[in-house]
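The values are calculated or read from the model by the stated rules, or taken from the named source; none is laboratory data. None of the values given here were measured: they were computed from a predicted structure. In this analysis, Cβ positions are derived from the backbone assuming ideal geometry, glycine residues included, and neighbour counts consider all displayed protein chains. These area figures cover heavy atoms from the full protein model, side chains too; ligands, DNA and RNA do not enter into them. Shrake-Rupley method; radii C 1.70, N 1.55, O 1.52, S 1.80 Å.
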Amino acid sequence: MKKKKEMQLALQMVSGYGAEFSAWRMPGTDPEAYTNMDSYVERAKLAEKGKFQMIFIADTPALTVDLGPQTPSFPMDPMLALMAVARETKHIGLVATLSTTFNYPYNIARQFKALDVISRGRVGWNAVTTSEPLASANFGEQVASRKERYDKAHESIQIVQSLWGSWETDAWTLDVKGGKFADMDKIQPINLEGQYYASRGPLPIPPSEQGQPVIFQAGGGEEGLEMAGRYASGVYANPYDIESAREHRQALRLSAARYGRNPDDIKMYTGFMFSLGSTEEEALERRRQLMSFNPEEIPSRVRYLGFMVGLPLSVNALDIDQPLAPDLLKNAYANPRDPRSSIALKLLKLGLSIRDVLAHGVINYHPVVAGTPVQVADFLEEWFLAEACDGFSVVPDIAYDGVADFVEQVVPILQDRGLFHREYEGKTLRENMGVPYQYGRLK
Ligand SMILES: Cc1cc2nc3c(=O)[nH]c(=O)nc-3n(C[C@H](O)[C@H](O)[C@H](O)COP(=O)(O)O)c2cc1C
């Protein structure tokens, strides 16, 4: 019997606290989680217990937030955080983001390959072009044109993959008696030269148990689709609704096919946030508490909610603990300029207070479910069965208890419904993602 298709799960690590920027202030959270690698390791072990396929770390090389009220958006250094995790875990994949714009391909190839070897074949590289001006400024540059960023990305990935394949698979002889550590005839320069990057090679690192790291991609537009279709086995995406997610996934699959690949070999992971409670009210209360840490944020959020539903909403003119008055609500509409608007409007029409509509996460970066484990599982099932994605990159509101709760309460529901595996399929990230072996550059 053919095995039913199952979703995959990635745990997004952020900076150690969770998705919500006030999570660091929640009772129970270690305020130093950002610098405490034990907390990363603990979370990763929990995710491994829950059979998550991978940990995923986004990254931009810049301080992008106001550290007054907020925690950083990324770990101190994703590769070092994953190194700590690699030593303490056995199965879970380790995926980090590194920009093709600000790193020499040789350095990328070396770091990722070394971690892949150390972790026995569990590593992925999320290749991004980075359009954040603060990041450019850190390298003494301005944001380059999209064309230049993507031209560089193609060169970077091709050089990195060639360096990864610069040892023949049996080059590491380790012949102790004969005194031959490796066979230099099988370790050759790559001699690649592009417009922006060049590398002679070879890399002084042997193949890993999955050959080489898995390529991921996150980025927009036609250029992003092309990059994903040519090289990526995994794509990190952030759609807000099933329809646009389906379109994006379909476009990725077509792009892979255009480059002679099997569309099933490219997996799309959708960003998703959750707040769990034993009732919906309990989950919402958790989010109300998170919001209460930053009351100064509320006026601008209410204003933005107004923009989403076409009404001039203001904290000065409204009691945000009340539902919108019917005479206001009758003129509301879902602003097509923000794909999250229809959810905001739906909740307002259900008669929720403005505070609770905000607490549902309608202005968050990813879709949010604040509810029971069954409600979270229902959401994931609906998207997955609609073929809106191959898996999810999940971010708990608050990491310190959110990961454990998801693993203990949501994963078993998904498993009982036949939507998520109960055991790792293989030893390497490639095997656990169900993507083919690759060594070196695709010809
Ligand atoms: C879902 C998603 C996730 C991204 N994650 C990162 C990231 O972690 N680090 C980064 O520097 N850029 C990230 N990017 C930005 C891309 O690298 C790129 O700069 C951005 O998509 C804008 O440029 P583009 O539309 O020309 O690709 C991400 C983009 C998307 C769509």
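Summary of values
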quantity: Unmet criterion (only one of (1) of a type outside the set (Lys, Arg); (2) at pLDDT 95 or above; (3) part of a helix (DSSP H, G or I)) for Glu296; calculated: (2)
quantity: Neighbours by Cβ (under 7 Å, 6+ apart or cross-chain): first from the stretch 97-114, hydrophobic (A, V, I, L, M, F, W, C); second away from the ligand (no atom under 11 Å from the Cβ) and open to solvent by 30 Å² or more (accessible area, probe 1.4 Å); calculated: Phe102/Phe139
quantity: Subset tally (residues that are away from the ligand (no atom under 16 Å from the Cβ) and open to solvent by 10 Å² or more (accessible area, probe 1.4 Å)) for the stretch 139-164; calculated: 3
quantity: Number of positions in the stretch 47-61 that are closer than 14 Å to Ala86 by Cβ and either under 16 Å from the mean Cα position of the chain (by Cα) or within 9 Å of the ligand (Cβ to nearest atom) (or both); calculated: 4
quantity: Any chance Ala109 is small (Gly, Ala, Ser), open to solvent by less than 30 Å² (accessible area, probe 1.4 Å) and in the same structural domain as Arg149 (by TED's automatic domain parsing); calculated: yes
quantity: Helices (runs of 4 or more DSSP H) wholly inside the stretch 303-393 that include at least 2 residues being open to solvent by less than 30 Å² (accessible area, probe 1.4 Å); calculated: 341-349, 354-359, 373-385
quantity: Among (1) crowded, with 22+ Cβ neighbours inside 10 Å; (2) within 16 Å of the ligand (Cβ to nearest atom); (3) over 22 Å from Arg230 (Cα atoms), the one test that Trp167 misses; calculated: (2)
quantity: Qualifying positions in the stretch 186-239 - in a helix (DSSP H, G or I), free of Cβ contacts under 8 Å to residues at least 24 places away in the same chain and of a type in the set (Asp, Glu); calculated: Glu222
quantity: Matching option when the condition is under 19 Å from Leu115 (Cβ atoms) and of a type outside the set (Val, Ile, Thr), among Gln158, Gln212, Gln195; calculated: Gln212
quantity: Criterion (farther than 29 Å from Ser145 by Cβ and open to solvent by less than 20 Å² (accessible area, probe 1.4 Å)) met by exactly one of Ala84, Ala96, Ala23, Ala114; calculated: Ala23
quantity: Filter pass, Glu425 being closer than 18 Å to Gly93 by Cα, free of Cβ contacts under 8 Å to residues at least 12 places away in the same chain and open to solvent by 50 Å² or more (accessible area, probe 1.4 Å); calculated: yes
quantity: Which numbered condition Thr130 fails, given (1) open to solvent by 10 Å² or more (accessible area, probe 1.4 Å); (2) touching a Phe, Trp or Tyr at 6+ places or on another chain (Cβ under 9 Å); (3) over 23 Å from Gln12 (Cα atoms); calculated: (3)
quantity: Count of the stretch 394-418 residues which are touching an Asp or Glu at 6+ places or on another chain (Cβ under 8 Å), under 30 Å from Glu285 (Cα atoms) and surrounded by fewer than 18 Cβ atoms within 10 Å (Cβ to Cβ); calculated: 1
quantity: Pairs with Cβ under 8 Å, 6+ apart, first in the stretch 123-140 and farther than 12 Å from Pro213 by Cα, second open to solvent by 60 Å² or more (accessible area, probe 1.4 Å) and more than 10 Å from the ligand (Cβ to nearest atom); calculated: Pro133/Gln142; Leu134/Leu63; Ser136/Gln142
quantity: Matching option when the condition is within 11 Å of the ligand (Cβ to nearest atom) and of a type outside the set (Lys, Arg), among Glu132, Glu88; calculated: Glu132
quantity: Some residue of the stretch 209-216 being more than 20 Å from Tyr439 (Cβ to Cβ) and either open to solvent by 10 Å² or more (accessible area, probe 1.4 Å) or more than 10 Å from the ligand (Cβ to nearest atom) (or both); calculated: no
